[in-house]
Every structure is written in C-alpha cells, then in structure tokens.
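K.L.:
One structure, pasted below without further comment.
The values are calculated or read from the model by the stated rules, or taken from the named source; none is laboratory data. These numbers come from a predicted model, not from an experiment. Here the Cβ positions follow ideal geometry from the backbone for every residue, glycine too, while neighbour counts run over all protein chains shown. Each accessible area value is taken on the protein alone, full model and side chains, heavy atoms only, with ligands, DNA and RNA left out. Shrake-Rupley method; radii C 1.70, N 1.55, O 1.52, S 1.80 Å.
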Amino acid sequence: MKIPSLLSAVLIAAACTSDLPPVARDYTVYAGTLPSESGGRERTARVTLRDDGGAAVQLSAWGPGDDFYAEGKWQQADDGIVIELVSAPPGRLVFRRSGELLLGREWDRALWGEKEPVLHLVR
C-alpha cells in the first residue's frame with residue numbers, strides 16, 4: 001500500500017467517526033402577516049426572542065416608509081411574553097403563548113393595527 005493511499009484511508013476513517021458539532025439554537029422566531037389597515041398593504045411581523053433575554057421586533061411592508069425595527073428585552077410572565085422595546089419612543093408588547101402561536105394582548109394599535117396580531121413559530 002502506498003503512503004498517500006494509507007494517509008487517505010486514515011483521514012476518511014477519522015472523518016467518518018468524528019461527532020458532528022452540536023446545532024446552536026440561541027433564539028426563537030415568530031412571524032406572521034398583519035392585515036392591511038384603511039386601504040394599506042399587508043405587513044409582515046417578525047419577533048425574535050434570544051435566550052439571553054434580548055428581543056427584536058420588525059414590521060415590513062412593500063411600500064417605502066412602512067418598515068419598523070426595534071430592540072429590547074423580553075421576559076416570561078405567566079402564560080405570556082412581555083417585550084419592552086427601548087426604541088424612541090419606548091414600547092411594550094404583550095403576547096400570550098398558545099402552542100406554537102403568540103397571540104397579541106397589548107400592542108401599539110397605531111403601529112400594529114386594530115386586529116389582534118397572531119404570530120407563528122418559525123424557528
């Protein structure tokens with residue numbers, strides 16, 4: 001057996017027996033579509049809850065100027081999630097968990113609309 005062939009065989013065997021690195025999951029994402037308000041377009045909402053207590057909230061629309069992004073902190077409260085945004089002006093969102101859903105309980109209706117936001121677990 002030639003040395004390069006032996007080396008190749010050893011490397012292949014080592015690669016086949018190594019454990020795969022663990023998948024890191026340090027955040028959870030919920031997303032949904034908000035209905036249009038007063039003739040506007042639908043918007044997409046995305047809430048990211050990081051394991052370290054950080055939170056990010058993003059609202060996106062097709063039109064210019066309709067996007068929103070803010071960060072803050074979140075905490076578990078009974079069956080709900082409370083998000084305190086440190087944006088200007090500061091905001092507060094409260095959701096109730098129901099299975100893989102977040103159901104809006106408190107939100108800025110001028111920003112999110114009048115209908116209850118419903119977000120689905122995506123990650």
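K.L.:
Ignoring ligands, DNA and RNA, how do VAL118, VAL82 rank by accessible area with a 1.4 Å probe, largest first? Please list the in-between numbers first.
P.N.:
Details: VAL118 50, VAL82 15 Å².
Sorted by accessible area, descending: VAL118, VAL82.
K.L.:
Work through the residues other than SER98 whose Cβ is under 12 Å from its Cβ and net out their charges, Lys, Arg +1 and Asp, Glu -1.
P.N.:
0
K.L.:
Right, something else. Please give the direction-averaged projected area of the C-alpha convex hull for the stretch 28-103, in square nanometres with one decimal. Walk me through the numbers before you get to the answer.
P.N.:
Values: hull surface 21.9 nm².
Mean projected area of the Cα convex hull: 5.5 nm².
K.L.:
Measure off 7 Å from each Cα along the Cα-to-Cβ vector at ASP108 and TRP62, then give the distance between these two points in nanometres to one decimal.
P.N.:
Between ASP108 and TRP62, the simple spin-label model gives 2.5 nm.
K.L.:
Counting other Cβ atoms within 10 Å, which GluC sites (Glu not before Pro) in the stretch 69-123 have at most 11 and lie in a DSSP loop? Working shown, then result.
P.N.:
Working: sites: GLU71, GLU84, GLU100, GLU106, GLU114; in loops: GLU100, GLU114.
In loop regions of the stretch 69-123 (DSSP not H, G, I, E or B), the sparsely surrounded GluC sites (Glu not before Pro) are GLU100, GLU114.
K.L.:
A further question follows. I need the phi-derived Karplus couplings for the stretch 29-35: 6.51 cos²θ - 1.76 cosθ + 1.60, θ = phi - 60°, integer Hz, Gly and Pro marked x.
P.N.:
Values per residue, Gly and Pro as x: 10, 10, 9, x, 10, 8, x Hz.
K.L.:
Here is a further query. How large a share of the accessible area of the stretch 37-106, in percent, is made up of carbon and sulfur atoms when the probe is 1.4 Å and the other protein chains stay in place? It would help to have the intermediate numbers written out before the result.
P.N.:
Values: 2050 of 4260 Å².
About 48 percent, which is the carbon plus sulfur part of the accessible surface.
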